[in-house]
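Visitor: Here you go, one structure.
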Amino acid sequence: MKVLILCGGLSTRMGREKATLPLDGGTMVQRLVELFSPHWPCVLSIHPGQEHLKQLCPVIVDHYPAIGPMGGVVSALEEGIDDSLFVTGCDMPLISPALIGRMAARWKEESSCLLCRDRQGRLYPLGAIYSTRSLPTIQNCIAQRDYRLSRLAEAPTCQILSLEELGIDSEIFCNLNRPQEYEAFLKNRR
């Protein structure tokens, strides 16, 4: 398994590239690569114009840059970078190697994906595992112009685990989309 870090979003709500936001003496994406690379190889999904991120680890250019996270996931799976990928956004600073390890330990090889669900029923399509077996479903979603990764949960081969099963809190899936969220996150870390 490899870790795919999605960096190719437009960052319109943030107003600047989220991957390069300062965090812990580096950048958001640099911190994630440093956190995960001792355990799993990392690959970044980027859009044209983000080639400067190549210095961190291998990259893949998103083949479908206008459709959100699904574009990065399908691009990486189509490129065959690995049979299964743990996928997170560069704006998810609380994702941890412990989460990936717990999910990988429960991963079934015949599964197309593994998503987490909280007590309220909310699915987390990022901070999830996707395999090449999910490609036909993703490609069908793209053909139908339905770009929600959560749609893959409908597949009979999708595993869904409760956060309680994994012993984690939904806070781990926090993502920073707006400047005020980023500033609040930094303030709470002090």
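The values are calculated or read from the model by the stated rules, or taken from the named source; none is laboratory data. This structure is a prediction, so every number in the text was calculated from the model and none was measured. Quick reminder, even Gly has a Cβ in these numbers, built from the backbone with ideal geometry, and neighbours come from all protein chains shown.
Visitor: For region 1-50, which residues satisfy the criterion of being part of a loop (DSSP other than H, G, I, E, B), polar (S, T, N, Q) and under 22 Å from Cys113 (Cα atoms)?
Guide: Ser37
Visitor: Picking from Leu77, Leu114, Leu94, Leu53, which residue would you name as being assigned to a strand (DSSP E or B) and not charged (D, E, K, R)?
Guide: Working: Leu77 fails: assigned to a strand (DSSP E or B); Leu94 fails: assigned to a strand (DSSP E or B); Leu53 fails: assigned to a strand (DSSP E or B).
Of Leu77, Leu114, Leu94, Leu53, the one residue that is assigned to a strand (DSSP E or B) and not charged (D, E, K, R) is Leu114.
Visitor: On to the next question. Sort out which residues of region 18-28 are crowded, with 17+ Cβ neighbours inside 10 Å and out of contact with any Lys or Arg (no Cβ under 8 Å at 6 or more places or on another chain), and write them in order of number.
Guide: Of everything in region 18-28, those that are crowded, with 17+ Cβ neighbours inside 10 Å and out of contact with any Lys or Arg (no Cβ under 8 Å at 6 or more places or on another chain) turn out to be Lys18, Ala19, Thr20, Leu21, Thr27.
Visitor: Follow-up question, since we're still on this one. Return the residue satisfying two criteria in turn: it lies in region 1-17 and is over 18 Å from Phe86 (Cα atoms) and among the charged types (D, E, K, R), and of such residues it is surrounded by the fewest Cβ atoms within 10 Å (Cβ to Cβ).
Guide: Arg16
Visitor: I'd like the residue in region 40-65 that is in contact with a strand residue (DSSP E or B) (Cβ under 9 Å, 6 or more places away or on another chain) and closer than 21 Å to Asn177 by Cα and, out of all such residues, is surrounded by the fewest Cβ atoms within 10 Å (Cβ to Cβ).
Guide: Looking at residues that are in contact with a strand residue (DSSP E or B) (Cβ under 9 Å, 6 or more places away or on another chain) and closer than 21 Å to Asn177 by Cα, I get Pro48.
Visitor: Tell me, which residue of region 65-85 that is closer than 13 Å to Ile5 by Cβ and of a type in the set (Val, Ile, Thr) is modelled with the lowest pLDDT?
Guide: The qualifying residue modelled with the lowest pLDDT is Ile81.
Visitor: Across region 165-185, what is the number of residues that are part of a helix (DSSP H, G or I) and either modelled with pLDDT under 95 or closer than 28 Å to Ile138 by Cα (or both)?
Guide: Qualifying residue count for the region: 6.
Visitor: Could you please find all residues in region 99-111 being assigned to a loop (DSSP other than H, G, I, E, B) and either touching a residue at least 40 places away in the same chain (Cβ under 8 Å) or within 15 Å of the chain's Cα centre (by Cα) (or both)?
Guide: Passing the criteria: Trp107, Lys108, Glu110, Ser111.
Visitor: Before we move on, is Ser37 touching a residue at least 12 places away in the same chain (Cβ under 8 Å), surrounded by fewer than 17 Cβ atoms within 10 Å (Cβ to Cβ) and of a type in the set (S, T, N, Q)?
Guide: yes
Visitor: Within region 118-150, take every residue that is in a strand (DSSP E or B) and not aromatic (Phe, Trp, Tyr) and give me the one that is surrounded by the fewest Cβ atoms within 10 Å (Cβ to Cβ).
Guide: Step by step, filter region 118-150, then rank; the result is Leu123.
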